[in-house]
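The values are calculated or read from the model by the stated rules, or taken from the named source; none is laboratory data. Keep in mind the model is a prediction, meaning the values are calculated, not measured. Glycine gets a Cβ as well: all are built from the backbone with ideal geometry, and neighbour counts include every protein chain shown. What goes into the accessible areas is simple: the full protein's heavy atoms, side chains included, and nothing from ligands, DNA or RNA. Shrake-Rupley method; radii C 1.70, N 1.55, O 1.52, S 1.80 Å.
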Amino acid sequence: MNRYYWILGAFAALVALLAIGLGLNPRDVPSPLVGKPAPAFSLPILATPNKTLGPKDMEGKVWLLNVWSSWCVSCRQEHPVLVEFSKKSDVPLVGLNYKEVRGDGGFDMSKMSADDEKKLAFQRANTWLSQHGDPYKLTVMDLDGRVGIDYGVYGVPETYVIDKAGVIRMKHTGPISPDVLGKKIMPLLAELNK
Amino acid sequence: MSVRALIVSCVFAAFFASTATIASEINEAAVAADPVAEKRLQGLSEELRCLVCQNQTIADSNAELAQDLRREIRGMIASGKSDKEIIDFMVVRYGDFVLYRPPVKGITLLLWGGPIVLMLLGLFILQRYLRRRARRMTDDQPLSAAENSRAEALLKELDNK
């Protein structure tokens, strides 16, 4: 009899392990960038394309960098949360539009000139923000996704919390839920802004 | 071979043949341009995980990100970066998870040592079981004369029924 308890116990432990494993988010890969300075970039601003912005310009402020795109379905899910956030908080939210045109998958990039891509990307991003609301202080455009690679972006949307010294303090992969915002991001922002 | 098995094997053969041609078509042009660099690219991208598909290497995956990263590696090879520099570039951005062969360190000890520990545990249990069984066998005493005759009587009774 003793032996059956053993087997039953081992089975229960296995089920428990599997249950925990299924509850984990496989996309939640720890970012090596947390604790490191935000990688430098200089990208054109959506509203003023002849001006650029980089992490240097944000020094001295706690800010959020949110990677988004109009073709990204989960961004639509997250967007109302961001709009709500921007109404309540003074923390600047900077948008990083990631591969607006070539990430879409619906265009033959070999037939599109760089100028056409740029024009189309700005137009699409502007349209999307006017339709869904613009929570961003400003948005910068990463047309070819190179800055995305520097930030280790692999699944839009992604959000980075960057402190006054320009160090990444947190990365969230996937859409921000009201829960994540309230329980993780807001307390961190409050602490960093002390 | 049954007809069904024949059909299944034909379908499989056709499938593999077609994917092989597609893959070779994509690579041929690039390989022709610089076979040495392409071979390095192939080797490196087989070591790196595509974070979008997670269970595919950058070499296998056709996800957007894998294509971007292959382009990035190609650029780094062209600018004379060493294999180690290229791998480090990826680890700095995506973490150890990007490596198909995780490095041995504190957090990965269970991963590397786990199978060995499990095997040792299995050997230990096996040894204990075998010892117990051997002891049980030696503990088995032959039947005494009285028991023997009783068993015989019982068997006979069964036969007579």
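Restricting to bridges with both residues inside chain A, how much of the DSSP beta-bridge set is antiparallel, in percent to the nearest 5?
Details: 14 of 24 bridges.
Here the share of antiparallel DSSP bridges comes out near 60 percent.
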For this session: Whenever you get a sec, compute what percent of the accessible area on the stretch A:49-194 sits on carbon and sulfur atoms (1.4 Å probe).
Result: 51 percent
For this session: Any of A:Lys61/B:Lys105; A:Lys36/B:Lys105; A:Lys111/B:Lys81 with alpha carbons more than 25 Å apart? Name them for me.
Result: A:Lys61/B:Lys105; A:Lys111/B:Lys81
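Show A:Lys99, A:Lys184 ordered by accessible area, largest first, where the area counts protein heavy atoms only and the probe is 1.4 Å.
On the way: A:Lys99 5, A:Lys184 110 Å².
These residues rank, largest area first, as A:Lys184, A:Lys99.
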For this session: Describe numerically, in nm with one decimal, the distance between label points set 7 Å from Cα along Cα→Cβ at B:Glu152 and at B:Tyr129.
Result: 3.9 nm
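Can you give the mean number of other chain Cβ atoms that lie within 10 Å of the Cβ atoms in peptide B:90-99?
Values: counts 2, 1, 6, 11, 8, 7, 3, 5, 4, 0.
Going residue by residue through B:90-99 and averaging, the value is 5.
According to the Cα gyration tensor, what semi-axes, each the square root of 5 times an eigenvalue, does the equivalent ellipsoid of the stretch A:1-66 have, listed from largest to smallest in whole Å? Each step should come with its number before you reach the end.
Values: eigenvalues 564, 31, 13 Å².
Here the semi-axes work out to 53, 12, 8 Å.
Per residue, how much accessible area does the protein assembly as shown have with a 1.4 Å probe, in Å²? Walk me through the numbers before you get to the answer.
On the way: 22480 Å² over 355 residues.
Heavy-atom accessible area per residue stands at 63 Å².
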Problem set entry | Residues with amide H under 5 Å from that of A:Trp71, placed H, sequence gap 5 or more | none
Problem set entry | Shape category assigned to the stretch A:18-150 from the gyration tensor of Cα positions, a/c cut at 1.5 | rounded
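At 1.4 Å probe size, put A:His132, A:His79 in order of accessible surface, largest to smallest. Display every interim value, and only then the final one.
Details: A:His132 70, A:His79 5 Å².
These residues rank, largest area first, as A:His132, A:His79.
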Problem set entry | Mean separation of Cα contacts under 8 Å (6+ apart) over length of the stretch A:76-145, as relative contact order % | 56 percent
Exercise. R0 = 30 Å: FRET efficiency of A:Asp57 with B:Thr108, Cβ-based, nearest 0.05?
Worked result: 0.15
For this session: Could you check how much of the accessible area of the stretch B:63-126 is carbon and sulfur, as a whole percent, using a 1.4 Å probe?
Result: 74 percent
For this session: Identify all aspartates and glutamates with a Cα-Cα distance to A:Lys183 below 13 Å; exclude those on the same chain that are fewer than 8 residues away in sequence.
Result: A:Glu191
Exercise. Where Rh denotes the Kirkwood radius from the mean inverse Cα pair distance, what is Rg over Rh for the stretch A:28-85?
Worked result: 0.99
Problem set entry | Contact order relative to length of chain A, as percent, for alpha carbon pairs under 8 angstrom and 6 or more apart | 31 percent
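From largest accessible area down, sort A:Ser113, A:Ser89; use a 1.4 Å probe on the protein chains. Could you put the intermediate results ahead of the total?
On the way: A:Ser113 55, A:Ser89 25 Å².
Most to least solvent-accessible, the answer reads A:Ser113, A:Ser89.
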Seminar exercise, completed: For the stretch A:13-39 the residues that are at least 40 Å² less accessible with all protein chains than alone, 1.4 Å probe, are A:Arg27, A:Val29, A:Pro32
Exercise. Averaged over A:142-155, how many beta carbons belonging to a partner chain fall within 10 Å of each residue's beta carbon?
Worked result: 4
For this session: Could you please state, rounded to a whole Å, how far the C-alpha centre of the stretch B:41-101 is from the C-alpha centre of the stretch A:41-98?
Result: 27 Å
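Could you give the dipole magnitude of the protein assembly as shown about its Cα centre, charging the beta-carbon of Lys and Arg +1 and that of Asp and Glu -1, in debye to the nearest 20?
Numbers: 44 positive and 40 negative charges, 231 e Å.
Result for the protein assembly as shown is approximately 1120 debye, rounded to the nearest 20.
For chain A, what is the mean residue ellipticity at 222 nm derived from helices alone (per DSSP H run of n ≥ 4: -39500 (n - 2.57); sum divided by total residues; nearest 500 deg cm²/dmol)?
Numbers: 5 runs with 69 residues, N = 194.
Taking each H run of at least 4 residues, the total per residue is -11500 deg cm²/dmol.
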Problem set entry | Span-rule helices in chain A, defined as complete DSSP H runs reaching 20 Å or more along the axis (Cα) with Kyte mean at least 1.0 | A:2-23
